[in-house]
Amino acid sequence: MMTKILGIIGGGQLGMMITEAAKKMPEHISKIIVIDPTINCPAAQIGAEQIVADYKDQDAIIDLANKSDIITYEIESGDSQILKSVEKNAEINPSPETLRIIQDKFLQKSFLQDNGIPVSDFIQIENISDVHKGIKQFGYPVLLKARRDAYDGRGNFKINLENEIQKAFDYFKGQKLLLEKFIPFKMEVSVIASRNTKGQIKTYPLVENIHEDNILRETIAPARVSDEIIQKAESIANTTMTVLKGAGVFGIEMFLTLENEIIINEIAPRVHNSGHHTLQSSETSQFEQHLRAILGLELGSTKLLHPTIMYNILGSKSFEGKYTPVTITQSNTYLKMYGKEISKPLRKLGHFNLVGMNGESIDQLLQKLESVKEEIIINPI
């Protein structure tokens, strides 16, 4: 079997961890090349070759396609049109068509709704009078969202009162928008799902996600919910993967509503922050699984071997600049720093997994988490 050259659009922490997984598969992947605008990006620091350019740079993508056998991405803001145009030179997974649907939240939600997958009510917004119409239909509160290029909550504006409508509309400075009915939820959960090029589908166990300032702070694997809810979520994830047809790993973010229903919030067509626990909790990490999926290999086991809490290490709100190294002394705690030189407020600098190797319960792990957190302080140099 011939080895392949892997191209990745984006060389941040996700590209870095895909690169690490690829290096453990030398019989399948001989070389990794990433496109990233940051010189010596995280993936390049661990041995990926780097094309220094923006993710949407047409010449860089053409260059990558000429040098690679297979292309994937860690960031969904790539240009699906340009990617479609280079498919003759390199296989692209997930496909540009899947990316086109997912990266536009209005198209994504319409696609899910058309396929009978539960999502909150929504409408497309062309102007401010559409916002007023939507609020008449849904009542307060509502969420005004950018259709594209928004992640970590940066593209959402919650409108609670009439006097916030103009401010919300102006916040987006003319971006394409949609309006969503706000669904009160008791928990945010997600399923990391994978589908290989042959159509085999596997899902990882449902996890529970806790956000702060709209950014993922911690993931608890497995989620503390009933078996019935777990089955609902897995069934929705399976249906979603079946209709989407893309190969790779997808992060399917969901809400558990107050009525114990599961609805999809949004889908990321890539490995996902809430799947980092799999590096230690599972036989197959999400990064290896992603590569297995796009290479058309048999998917690995998704069984959770140990309950695990993943905790994101975020930049301090009080400064921007270089920071002192982070270390953790606790046992069964796996630290992963991303090699980012500069800390910025709430920037994802690393994560650690706290693994229940000795049969600990989630509650016991949560107690231990408190003492580990005290060791993690991002200080300026």
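The residue of region 251-269 that is nearest to Gly350 (Cα to Cα), among those that are touching a Leu at 6+ places or on another chain (Cβ under 7 Å) and modelled with pLDDT of 95 or more, is Ile264. Within region 286-331, restricting attention to residues that are of a type in the set (S, T, N, Q) and surrounded by 17 or more Cβ atoms within 10 Å (Cβ to Cβ), the residue that is modelled with the lowest pLDDT is Ser316. Scanning region 243-263 for residues that are part of a strand (DSSP E or B), within 27 Å of Ile71 (Cα to Cα) and β-branched (Val, Ile, Thr) gives Val249, Ile252.
For region 207-214, the criterion of being assigned by TED's automatic domain parsing to the domain that holds Ser316, over 15 Å from the mean Cα position of the chain (by Cα), in a loop (DSSP other than H, G, I, E, B) and not small (Gly, Ala, Ser) is met by at least one residue. Contact map, region 87-104: residues that are closer than 16 Å to Leu64 by Cβ and among the β-branched types (Val, Ile, Thr) paired with residues that are outside any loop (DSSP other than H, G, I, E, B) and at pLDDT below 95, Cβ distance under 8 Å, separation 6+ or inter-chain. Pairs shown: Ile92/Leu83.
The set of residues from region 157-184 being buried (at least 17 other Cβ atoms within 10 Å of the Cβ) and part of a strand (DSSP E or B) comprises Phe157, Ile159, Leu177, Leu178, Leu179, Glu180, Lys181.
The values are calculated or read from the model by the stated rules, or taken from the named source; none is laboratory data. The structure presented is a predicted model; accordingly, all values stated were derived computationally and were not measured. Cβ sites come from the backbone with ideal geometry, for glycine too, and all protein chains shown count toward neighbours.
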